[in-house]
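First comes the structure, then the notes that go with it.
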Amino acid sequence: MADTATASATGGSEPAIGRGLKGLLLVALPVFLVGWLIIYPIIAAIVSTLFVEATDGVQFSTASYRFFFSDPYSRANLALTLWTTGVCAVLLLLVGLPIALYLRFSTSRFADLVQSLAIFPMFVPSIILSYALIRTIGPNGTVDILLNAVGLPKIPSPYLTPWGPVIGLVWDNLPLTVLMLTAGLAGISNSAVEAARDVGAGPIRVFWHIILPRMGNSILVTISFTVLGIFSSFTLPYVLGPASPEMMGPFMLRTFNDLYDPLNAKTQAVISFVFCLFFGIFYVWSIARNQRSQSR
Amino acid sequence: MNRREFLAAGSAVAAASALPSLALADDKTIQVYSGSDNNIIDFWNNTIIPAFQKANPGMKVKLVDAGDDNGLRAIADRALAALKSKADPQADVFENFDARLPAGGVEAGLWVTFSAENVPSYGKINRAAIDMPQQLPYRGSQVLLAYDKTKLDPKDAPKTWEQLVAWVKKNPGQFIYNRPDKGGSGGNFVRRAIHEVNGRDPSKFTIANFSADYAEKSLTPAWAVLKDMAPFLYEKGAYTSGNTQSIQLLSQGVVTMVPVWSDQVLQAMSQGVLPETTGLVQLTDLALCGGFSRLTVFSNGANKDAALKLADFLLTSEMQSAVITQIGGFPGVTWDNVAADLREKYKDVVPNSIPTFPGGDWNAAINDGWYRNVATGLARG
């Protein structure tokens with residue numbers, strides 16, 4: 001009895017070394033899985049694209065990378081991927097931020113409805129979304145029929161143009177953006193906003209000087225997160241996008257599956273990975289910065 | 001979870017994973033895997049399997065939808081490994097597969113070589129359909145042109161490649177085909193263009209005569225023809241990403257004409273996806289290519305003999321007629337081996353000869369060449 005009392009009083013029942021071991025065991029499985037299923041394939045891909053089998057044994061060669069960057073077709077695909085990712089990120093912020101602000105500061109019942117609508121796309125598989133978009137904003141789709149009914153001209157259809165995947169990807173990634181931005185906004189205290197209002201700040205000033213500086217970090221996290229998803233997206237660009245240039249996802253699959261060319265497919269994957277790594281480092285850096293500022 | 005619970009749970013999982021192989025060991029069920037579309041899966045489940053089990057009491061067929069060709073490839077890889085270790089691959093038949101895969105499979109004897117000895121009806125097969133003896137062509141399909149009769153009078157429908165090109169150029173934005181690697185309807189349209197610039201002679205292309213130089217020489221003029229056509233296509237050179245999307249654009253009245261697979265278009269019409277006013281036409285100077293679905297049988301499958309019986313059953317007049325009536329395909333056997341009334345009824349849709357284009361290295365050359373030469377040059381966005 002006396003023992004338990006002292007243990008609970010100090011807040012821990014085991015010596016520090018035992019706890020450390022338990023902690024290591026707990027993370028061992030995920031670390032092992034990450035090492036086996038993610039780190040190892042990455043290293044294997046990099047090694048196998050750089051050390052290629054030649055007539056006289058395995059040789060170091062950067063030929064496949066040189067081919068990628070000297071080939072205008074591959075470069076156009078990479079450029080389109082970067083363009084799509086950039087445009088989607090900007091549009092997501094432009095659309096997501098007002099919704100998140102509204103959800104944070106509104107107290108009406110209507111806000112619940114808006115929230116559930118904003119989260120809804122999360123539960124729609126992208127292949128279904130693709131076909132639904134062809135039906136609605138595609139040529140002679142629902143939107144065209146409605147416009148036609150009131151005597152307006154048809155919209156120029158984004159189907160099979162680079163804007164098709166952009167619209168689909170923005171719709172698909174909106175829930176994640178709104179959720180992460182709302183979470184970031186939750187960290188801003190009402191009292192700070194009210195204090196600013198009391199000294200006469202208008203809504204724009206409050207947003208610019210009080211809210212934005214406090215949520216910079218969550219915006220960075222949101223962008224790096226969505227960018228990672230969009231860069232490697234497959235279904236929407238595959239179904240809605242143009243035949244050429246194509247995004248890296250469909251391009252890699254085609255190189256591997258249709259052209260039976262694993263070496264170039266792996267090269268494309270490594271190049272995509274390097275770009276994603278850049279955003280990943282950005283994400284880790286902003287998280288780390290956030291934790292440092294909180295621990296200070 | 002304490003250690004005892006963990007061990008109990010672990011052994012339960014291990015036992016569960018061992019179960020299927022135990023259950024299969026003394027079962028006479030033929031394991032069929034298919035990577036085909038839903039209409040084919042339905043055709044097997046509703047027609048072929050009940051008829052086969054009725055004709056062969058005691059035999060059972062289990063059809064597993066492997067999703068797509070990649071799904072089948074994974075199982076074939078496993079079966080090749082099982083062949084080397086003399087284990088049961090737990091698969092007997094692939095409904096439609098290229099026996100050239102997995103690499104080294106044919107050399108290792110992974111697939112049964114079909115002949116009149118193990119499949120008595122082998123002689124009935126259409127000679128033109130036989131590609132290699134490890135594959136059994138049991139159903140075919142061909143690409144036709146489907147058009148909207150309300151916009152194009154059937155008597156003005158193009159009957160030759162030249163008329164088709166003239167029609168496309170006269171009616172800009174009214175024609176679209178899909179990317180050649182994303183579906184056979186566009187793929188075979190592209191191959192028809194290749195035939196056109198090579199003297200309309202399908203025999204000029206075989207799997208064996210592929211070489212990078214010959215491909216360069218024979219394909220380049222076709223890219224020029226297709227590129228010349230591009231500005232007159234839907235959206236001045238857009239290409240759908242699959243057979244279904246082409247049919248969708250036709251059904252939404254966006255375009256007037258698309259190339260389609262015969263089986264898909266007949267089914268779309270019977271289901272009301274396409275209206276009654278859809279017309280079908282085949283080019284008469286040289287038909288658009290078709291393709292055969294080829295069955296393969298594992299030589300190391302546990303039920304190899306039963307599987308060969310199933311293969312033979314597929315070539316019966318009854319099943320071959322069902323291929324025509326139920327899925328709008330055409331038979332793998334010659335036309336004198338199907339019911340006479342069917343021969344008469346479908347003579348417009350199915351010609352006596354179907355040009356085919358070899359696969360193998362040609363596929364990669366055509367797909368890559370098309371993407372690089374025809375699909376590019378779109379200044380949009």
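Here, each number is a calculation from the coordinates, and none is a lab measurement. Since this is a predicted model, take the numbers as computed values, not measurements. Heads up, the Cβs are rebuilt from the backbone with ideal geometry, glycines too, and the neighbour counts pull from every protein chain shown.
Brief remarks on what is shown
- For chain B, calculated [θ]222 nm from helices alone, where every DSSP H run of n ≥ 4 adds -39500 (n - 2.57): -12000 deg cm²/dmol
- 13 Å reach of a label modelled at B:ARG200, 7 Å along Cα-to-Cβ, counting backbone N of the stretch B:274-300: B:283-288
- Placing a label point 7 Å from the Cα of B:ASP42 along the Cα-to-Cβ direction, the residues of the stretch B:50-76 with a backbone N closer than 20 Å are B:50-52, B:63-68.
- The 3J(HN,Hα) values that the Karplus relation (6.51, -1.76, 1.60; θ = phi - 60°) gives for the stretch A:116-127 are, in residue order, 5, 5, 5, 7, 3, x, 4, 9, 10, x, 5, 5 Hz. Gly and Pro appear as x.
- Neighbour-limited loop hits for trypsin sites (Lys or Arg not before Pro), the stretch B:24-77 (at most 13 other Cβ within 10 Å; DSSP other than H, G, I, E, B): B:LYS28
- Rounded if a/c under 1.5, otherwise prolate or oblate - the stretch A:92-246, Cα gyration tensor axes: prolate
- Ordering of B:122-129, B:91-98 by burial proxy (mean other Cβ atoms within 10 Å per residue, highest first): B:91-98, B:122-129
- When the trypsin sites (Lys or Arg not before Pro) in the stretch A:152-240 are filtered for DSSP coil states and for at most 13 other beta-carbon atoms within 10 Å of their beta-carbon, the remaining sites are A:LYS154.
- Surrounding net charge for B:GLY109, when Lys and Arg each add one and Asp and Glu each subtract one, Cβ distance under 15 Å: +3
- Residues of type aspartates and glutamates that B:LYS124 reaches as a straight line, Cα spacing below 15 Å, ignoring anything fewer than 8 places off in the same chain: B:ASP312, B:GLU318, B:ASP336
- Shielding of peptide A:162-169 by partners, expressed as the average count of other chain Cβ atoms within 10 Å per residue Cβ, is 1.
- One Cα centroid belongs to the stretch A:185-216, the other to the stretch A:237-278; the line between them spans 44 Å.
- Divide the volume of the convex hull around the Cα atoms of chain B by the residue count and you get 189 Å³ per residue.
- Sorted fewest first by neighbouring Cβ atoms within 10 angstrom, A:THR81, B:THR244, A:THR142 come out as A:THR142, B:THR244, A:THR81.
- Computed across chain A, the Kirkwood radius stands at 23.3 Å (inverse of mean 1/r, all Cα pairs).
- Computed from backbone phi with θ = phi - 60° and the Karplus coefficients 6.51, -1.76 and 1.60, the 3J(HN,Hα) list for the stretch A:230-240 is 6, 4, 9, 5, 10, 4, 5, x, 5, 8, 9 Hz; x is used for glycine and proline.
- Reduced Cα scattering model of the protein assembly as shown, Debye log10 I(q)/I(0), q = 0.06, 0.09, 0.12 Å⁻¹: -0.46, -0.97, -1.44
- A crude spin-label estimate for the pair B:GLN163 and B:ASP228, with each label 7 Å from Cα along the Cβ direction, gives 2.0 nm.
- Gained length - A:TRP285 relative to A:ASN217, 0.36 nm times residue gap less alpha-carbon distance: 23.5 nm
- Viscosity 0.692 mPa s, temperature 37 °C, Stokes-Einstein D of the stretch B:155-305 from Kirkwood C-alpha radius, µm²/s: 193
- Separation in nanometres of the label points that stand 7 Å from Cα toward Cβ, at A:ILE127 and B:MET132: 2.9
- Amide N proximity, the stretch A:271-287 versus A:LEU50 label position 7 Å along Cα-to-Cβ, cut-off under 18 Å: A:271-278
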